[in-house]
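Working notes, structure below.
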Amino acid sequence: MKGTKLRKPLGILTLIATLGAGTAAAIPSSSAAEADQIDTVVEWNQYAADATLASGGPPLATVLHMAMVHGAIYDAVNAIDGGHAPYLGSPAAQSWYSQDAAAAAAAYGVLASLLSAGQQAALETTYLESLAVIDDGPAKDGGLATGEAAAAAMVAARMNDGRFGAPGLPVGSAPGEWRPTLPAFVNDPGAWVADVTPFLIENSSQFRSDGPNPLTSRAYAEEFAEVKSLGSLTSTRRTADQTEASLFWGVGWPPNTWAGMFRSLAAGNDLAVADDARLFAMLYLTAADGAISCWDDKRHWGFWRPITAIREADTDGNDRTVADPDWLPLLPTPPYPDHPSAHTCISGSFVYTLQDFFGTDKMAFGGRNSVNGIERDFSRFSDAIKEITDARVWAGLHFRTADVHGSVIAKKVAHWRDKHYFQPT
């Protein structure tokens, strides 16, 4: 993290010495064991998700760091496979290099630059275990060198990119203006995300939303009534299934719930290493820009949350709304403005990327929330974003327009990525 003195990650020569790897094989060949082991891209997705979330700081930073990890993995593996245009560039590589070694080295190299010295010790152990199942020889050594080069390029590209800047968003007191609220009255510690250099799009305001409904409008009053009724902690209108959906998507860190589904989709579709590398890079790079766009939009509009709006409805100038000074949402309100919804900005990025990658919306998938054990299944990718759009209202956290506009931003970012990146060569 920023301000932490980092240890230098193990280099290829140190690792060879540590593992006793030989390099004298006469004929280069990929590891036979690689075909039988779990895909290293999938394996390192879980390592990276767990490590970045445990590293401390605003959880949103994990989305940006997962983009860095998987962007580097993609460039390393793609340099060997050669099937698509690179993201940052193509390190020197031969087609017979080990793609699994390249993926592990790229992931490790980026993560080592992001984690504290204490975490790096555990990471080195994980790295050595990951490499131990790959046969020693020129193919492995070449893959390691390729992965290290891709990691170095990513770390260099993201230096001074705006991460870990000043916390806090503008605070207002007038009707409609956001201000810190229950449960902790915290001002967003991750507000700096709005100033981070995007990974794919041209700038963070490129896909500005149309903003929330005017306070005095009928549309605002209708959405006010919806969230007040369905999103209340004590709602009698919200069904058991709606409550379950709200808890599935709203408890814990949603991108980690998604990550489990990504890994299941990759395994269930028997994807090659290069395809997995491209899939995960597309997912996280798109989501990172969805998040950056979202926070820029949140800062621009600075719209109050339902808990503030409902408790102070007697100030909004709308005769159709009625205040409830004791109203509470089903789930605790996050410490940043309502519009647009971060969940739909990020989850929409995932959904539209899955549709693009697999070339269809109709695909059965599901997942389990590791915090509360709730499981949900879907028959289409779009079913998930539709449910999330509803669930953030059912949880009492957003007006519906905020959810819809977050999904629109996500779709525009995904379309930009589809047009400009990851093209077949």
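The values are calculated or read from the model by the stated rules, or taken from the named source; none is laboratory data. Small disclaimer: the values here were computed from a predicted structure and weren't measured. All Cβ positions, glycine included, derive from the backbone under ideal geometry; neighbour counts span all protein chains shown.
The table below gives the values:
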| quantity | calculated |
| --- | --- |
| Filter result (free of Cβ contacts under 8 Å to residues at least 40 places away in the same chain, part of a loop (DSSP other than H, G, I, E, B) and within 23 Å of Ser293 (Cβ to Cβ)) within region 171-196 | Val171 |
| Among the candidates Thr216, Thr236, residue that is in a loop (DSSP other than H, G, I, E, B), over 23 Å from the mean Cα position of the chain (by Cα) and touching a residue at least 60 places away in the same chain (Cβ under 8 Å) | Thr216 |
| Qualifying positions in region 331-363 - among the basic types (Lys, Arg) and under 17 Å from Ser204 (Cα atoms) | none |
| Whichever residue in region 63-99 is in a helix (DSSP H, G or I), over 23 Å from the mean Cα position of the chain (by Cα) and not aliphatic (A, V, I, L, M) and, among such residues, is surrounded by the fewest Cβ atoms within 10 Å (Cβ to Cβ) | Asp81 |
| Yes/no for Ser229 being assigned to a loop (DSSP other than H, G, I, E, B) and not hydrophobic (A, V, I, L, M, F, W, C) | no |
| Considering residues of region 238-272 that are acidic (Asp, Glu) and farther than 15 Å from Arg368 by Cβ only, the residue surrounded by the most Cβ atoms within 10 Å (Cβ to Cβ) | Asp241 |
| Residue in region 263-278 that is assigned to a helix (DSSP H, G or I), among the aliphatic types (A, V, I, L, M) and over 20 Å from Asp100 (Cβ atoms) present | no |
| Positions within region 100-121 being over 16 Å from Leu144 (Cβ atoms), in a helix (DSSP H, G or I) and either outside the structural domain of Asn78 (by TED's automatic domain parsing) or in contact with a helix residue (DSSP H, G or I) (Cβ under 8 Å, 6 or more places away or on another chain) (or both), in sequence order | Ser113, Leu114, Gln119, Gln120 |
| Subset of region 396-416 [out of contact with any Phe, Trp or Tyr (no Cβ under 7 Å at 6 or more places or on another chain) and closer than 17 Å to Trp258 by Cβ] | Asp403, Gly406, Ser407 |
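Matching residues to (1) without any contact (Cβ under 8 Å) to a residue 12 or more places away in the chain; (2) assigned to a helix (DSSP H, G or I); (3) of a type in the set (Val, Ile, Thr):
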| position | (1), (2), (3) |
| --- | --- |
| Tyr336 | no, no, no |
| Pro340 | no, no, no |
| Met363 | no, no, no |
| Ser379 | no, no, no |
| Ile409 | no, yes, yes |
| Asp418 | no, yes, no |
